[in-house]
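Notes to accompany the following structure.
Quick note: the coordinates plus some simple rules give every number you see, no bench work behind them. Owing to the predicted nature of the structure, the values given are computational and were not obtained by experimental measurement. Cβ coordinates were reconstructed from backbone atoms using ideal geometry, including for glycine residues, and neighbour counts include every protein chain displayed.
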Amino acid sequence: MPKIFCIANQKGGVGKTTTTVNLAAGLAQIGQRVLVIDLDPQGNATMGSGVDKRQLPHTVYDVLLETATIAEARQRSDKAGYDVLGANRELAGAEIELVELERRDRRLKTAIEAVAADYDFVLIDCPPSLSLLTLNGLTCAHGVIVPMQCEYFALEGLTDLVNTVKQVHANLNRELQLIGLLRVMFDPRITLQQQVSEQLKAHFGDKVFDTVIPRNVRLAEAPSYGLPGVVFDKSSKGAQAFMDFAREMVGRVQTM
């Protein structure tokens, strides 16, 4: 059975997709079999993995409506070394259609079970809202990875997310836990970021990952080439940090 992780944060623009594709590429480079599931109708994780969202014969939309399986819908990202269950604008309509359906919050879980033997890790890129799409991700996941910037408003959003994880744990998925907080876009020269980082460590202890992802131009440039930063420029500080994070994740999984 693969370890299934949602990369989630109810605040937008915090680097969820960047974290998803670079962690996936990092894990693939150290020999792990990885599936990325794009649950965001914007399809950024799909495009950032080098898969054209406009050319997909099947997407996660079809999987949620059970008109296709993951085995039929997944695409191989050859350059990045992992599989992608892609998304596009169609997915926005799934919200409305799922409301009427049975097992509406468990459809992704059922679909993943059919391909469980193929993967070591499944990484789910969640949209910034708490929607039926996010709920499908949280219901099938073992844990949540929270990328966050070390800024004051990020702390407020974090409280909401922790409460959501607790509610899903209590009502829908007893396995779900907060795996860890990943500090991203970090600039050690900014005093406020250092202060918030210390607050996080004081409050959450070992739930804060040791790895810190620095603010890095090469990571920001990579999606325009349809590549994760880890593949786009292996020597960049951002890529090296994500490789460290991939190794840290493997270590965490072994102790879970």
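What the table below lists for this structure:
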read-out	value
Test item: Cα-centred dipole of the chain, Lys/Arg +1 and Asp/Glu -1 on Cβ, debye	520
Those aspartates and glutamates that a straight Cα-Cα span of less than 15 Å connects to K201, excepting residues fewer than 8 apart in one chain	E151, D210
Peptides 77-83, 47-53, 106-112 ordered by average Cβ neighbours within 10 Å, highest first	47-53, 77-83, 106-112
Cross-link pairs K3/K207; K79/K207; K53/K237; K3/K109 - those with Cα-Cα distance over 22 Å	K79/K207; K53/K237
Relative exposure of T18, T191, T255, judged by other C-beta atoms within 10 Å (fewest first)	T255, T191, T18
13 Å cut-off, amide nitrogen to a point 7 angstrom out along Y225 Cα→Cβ, residues in the range 35-60	50
Per-residue Cβ neighbour rank within 10 angstrom, fewest leading, V21, V122	V122, V21
Highest to lowest packing among 152-160, 135-143, 60-68, scored as the average C-beta count within 10 Å	135-143, 60-68, 152-160
Residue of R33, R174, R218 that the Gaussian network model of the chain assigns the largest fluctuation, springs spanning Cα pairs under 10 Å	R174
Most mobile listed residue (A24, A170, A92) in the chain, GNM with C-alpha springs under 10 Å	A170
Relative contact order (percent, whole number), the chain, Cα cutoff 8 Å, 6+ residue spacing	26
Computed [θ] at 222 nm, helices only, for the chain once each DSSP H run of length n ≥ 4 contributes -39500 (n - 2.57)	-13000 deg cm²/dmol
GNM top mover of N163, N216, N173 - the chain, alpha-carbon springs below 10 Å	N163
